[in-house]
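Asker: Okay, here's the structure, questions in a sec.
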Amino acid sequence: MDIAVIGSNMVDLISYIDKMPREGETLEAPDFEIGCGGKGANQAVAAAKMGSKVMMVTKVGDDLFADNTIKNLEGYGIDTEFTNKVLGTSSGVAPIFVDPESKNRILIIKGANQYLIPEDVDRAAEKLKKCALIVLQLEIPLETIYRAIEFGNEHGIPVILNPAPATKDLDFSYVCKCDFFIPNETELEILTGMPVETEEQIKTAAITLIDKGVKDVIVTMGSRGVMWVTKGEAHMVDSYKVDAIDTTGAGDAFIGCFAHYFVQNNDVLLAIKMATAFAALSVTKRGTQSSYPSIDEVENFMNVRV
Ligand code: RIB
């Protein structure tokens, strides 16, 4: 197994809107799509689409969405041995609003994702031990995240933590035990309390995390590119200019693709460049996982074979 994603899955209920209604107002929206999402599942699918062998430790409800979610993961070749149902609970759902500028607003109702507990990490131990990388986000309980980080450290498995959605409750002593910390600029602002308007400010905020003991910070900045900050060094990787239609799940696309190339080549800069292209292509189509490109599309776009 290459990659273990310990995290969330959701059903994305995506409304394409002209504008958000005001209080008490009813507005007609032009379009709607339902699809599989959740930051964890999106990252797992992105890595699997690139060719990684991926397992997912996650929880679904016992509603009509559950079997479809499992079928969807399996359709991408993802190992679902530790994808379990929680009786009497709904699956996670995410009402999403995408405006004409391709920007999104997302609500999450965690449902079964809240029942992914630290013991679930230990139950999957034998399979997890064989993974080359663990990938985490924050749509499951923090205690489970902390156990997964400890597990990675105990077994010498590198850990990526994507602090999304950001919460100030995150214990930085655990963040310092991760190998890659990958926020977007909004999450960086929430977690550091520092301004992130300019590249210089983003760099300064990331350096404060490095000074606290965080190893590698990779800040995804949408159309402004990606900043990778380590002790004493900062690299900028530019984004690709594309016609964005729907940016939902682009951050997850980046992380899943980054995870794949990092495991395959152990080359952080190459992984950032490939993931930047993967995320750029994802925003040119509607939907979340359904917008993710194939490995051929990414390599043709980059004009490389890795
Ligand atoms: O990052 C995008 C994802 O956030 C969506 O798929 C939605 O489910 C929420 O988890």
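Asker: Could you list, in sequence order, the residues of the range 171-197 that are surrounded by 19 or more Cβ atoms within 10 Å (Cβ to Cβ), assigned to a loop (DSSP other than H, G, I, E, B) and aliphatic (A, V, I, L, M)?
Answerer: Within the range 171-197, Ile182, Val196 qualify.
Asker: Given the criterion in contact with an Asp or Glu (Cβ under 9 Å, 6 or more places away or on another chain), at positive phi and modelled with pLDDT of 95 or more, identify the matching residue among Gly225, Gly213.
Answerer: Gly225
Asker: Quick one: is Ala279 within 16 Å of the ligand (Cβ to nearest atom), of a type in the set (A, V, I, L, M, F, W, C), modelled with pLDDT of 95 or more and crowded, with 22+ Cβ neighbours inside 10 Å? Break it down stepwise before answering.
Answerer: Numbers: within 16 Å of the ligand (Cβ to nearest atom): yes; of a type in the set (A, V, I, L, M, F, W, C): yes; modelled with pLDDT of 95 or more: yes; crowded, with 22+ Cβ neighbours inside 10 Å: yes.
Yes, satisfied.
To keep it simple, each residue is scored yes or no on (1) of a type outside the set (Phe, Trp, Tyr); (2) surrounded by 16 or more Cβ atoms within 10 Å (Cβ to Cβ); (3) away from the ligand (no atom under 16 Å from the Cβ); (4) within 23 Å of Ala166 (Cβ to Cβ).
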residue	(1), (2), (3), (4)
Met227	yes, yes, yes, yes
Val268	yes, yes, yes, yes
Arg286	yes, yes, no, no
Asp296	yes, no, yes, no
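Asker: Only one residue in Glu139, Glu143 is in contact (Cβ under 8 Å) with a residue 24 or more places away in the chain, more than 16 Å from the ligand (Cβ to nearest atom), within 23 Å of Phe180 (Cβ to Cβ) and of a type outside the set (Phe, Trp, Tyr). Which one? So that I can check it myself, show each step before the final result.
Answerer: On the way: Glu139 fails: more than 16 Å from the ligand (Cβ to nearest atom).
Glu143 is the lone residue from the list that is in contact (Cβ under 8 Å) with a residue 24 or more places away in the chain, more than 16 Å from the ligand (Cβ to nearest atom), within 23 Å of Phe180 (Cβ to Cβ) and of a type outside the set (Phe, Trp, Tyr).
Asker: Considering Thr248, Thr208, which residue is in contact with a Ser or Thr (Cβ under 8 Å, 6 or more places away or on another chain) and in a helix (DSSP H, G or I)? Before the answer, list the steps.
Answerer: Details: Thr248 fails: in a helix (DSSP H, G or I).
The unique qualifying residue is Thr208.
Asker: Check Ser102 against each of (1) modelled with pLDDT of 95 or more; (2) among the hydroxyl-bearing types (Ser, Thr, Tyr); (3) touching a Ser or Thr at 6+ places or on another chain (Cβ under 9 Å) and name the one condition it does not meet.
Answerer: (1)
The values are calculated or read from the model by the stated rules, or taken from the named source; none is laboratory data. Since the structure is predicted, the reported quantities are computational estimates derived from the model, not experimental observations. For neighbour counting, all protein chains shown are included, and Cβ atoms are generated from backbone atoms with ideal geometry for every residue, glycine included.
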